[in-house]
Amino acid sequence: MPKRQTNSLRWQADLMSLKSEIGKNDRPVITRERVRGIKYEPIGITSNEKYQSSQNKTDVDYRMKCRWDQSVDEKNFGIRIKDVDYNIVRIYVLPDQREMELSLSRVD
């Protein structure tokens, strides 16, 4: 009998906290500090997601599914995947499966 994989979250990313500080020229600078690792599964971007992001004038570059964490929000946290930083645009919570879907936009 073959083994069945029960956990589909097999990729690793970093959960980053966003902090605003004053830089050298008295300008606010956003710094990213690693909080912990996060396991995720990439999911595709749907046409509905593209349409909603164009209505809000945001651009969704990546979507991922991870474990439900109530402390994560759009304002104070970001994600780093393979040394590429992303901001969290939207969070969809699936309480029955204890998962959440994050829509991410790339930081320029």
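The values are calculated or read from the model by the stated rules, or taken from the named source; none is laboratory data. Treat the numbers as computed from the prediction; the structure is a model and nothing was measured. Please note: Cβ atoms are built from the backbone with ideal geometry, for glycine as well, and neighbour counts cover all protein chains shown. Accessible surface areas use protein heavy atoms only, side chains included; no ligands, DNA or RNA. Shrake-Rupley method; radii C 1.70, N 1.55, O 1.52, S 1.80 Å.
Filter the range 51-84 down to residues that are more than 15 Å from Ala13 (Cα to Cα) and β-branched (Val, Ile, Thr), then give me how many there are.
Counting residues in the range 51-84 that are more than 15 Å from Ala13 (Cα to Cα) and β-branched (Val, Ile, Thr) gives 2.
Could you tell me how many of the residues in the range 11-23 are of a type in the set (A, V, I, L, M, F, W, C) and either open to solvent by 100 Å² or more (accessible area, probe 1.4 Å) or more than 20 Å from Asp69 (Cα to Cα) (or both)?
Matching residues across the range 11-23 total 2.
Which is in a strand (DSSP E or B), of a type in the set (D, E, K, R) and over 14 Å from the mean Cα position of the chain (by Cα), of Glu21, Glu49?
Glu21
Residue by residue, here is whether (1) within 14 Å of Met16 (Cα to Cα); (2) touching a Gly at 6+ places or on another chain (Cβ under 7 Å); (3) open to solvent by 60 Å² or more (accessible area, probe 1.4 Å) holds:
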| residue | (1), (2), (3) |
| --- | --- |
| Ile38 | yes, no, no |
| Gly44 | no, no, no |
| Met64 | no, no, no |
| Glu74 | yes, no, yes |
| Gly78 | yes, no, no |
| Asn87 | yes, yes, no |
| Glu101 | no, no, no |
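Consider Asp26 carefully, then state whether it is under 12 Å from the mean Cα position of the chain (by Cα), open to solvent by 40 Å² or more (accessible area, probe 1.4 Å) and acidic (Asp, Glu).
It is false that Asp26 is under 12 Å from the mean Cα position of the chain (by Cα), open to solvent by 40 Å² or more (accessible area, probe 1.4 Å) and acidic (Asp, Glu).
Condition (residue is of a type outside the set (Gly, Ala, Ser) and not in a strand (DSSP E or B)) applied to the range 26-41: is it met by at least one residue?
Within the range 26-41, one or more residues are of a type outside the set (Gly, Ala, Ser) and not in a strand (DSSP E or B).
Kindly check whether there is at least one residue in the range 80-94 that is modelled with pLDDT under 85 and over 20 Å from Val107 (Cβ atoms).
Taking every residue of the range 80-94 in turn, none turns out to be modelled with pLDDT under 85 and over 20 Å from Val107 (Cβ atoms).
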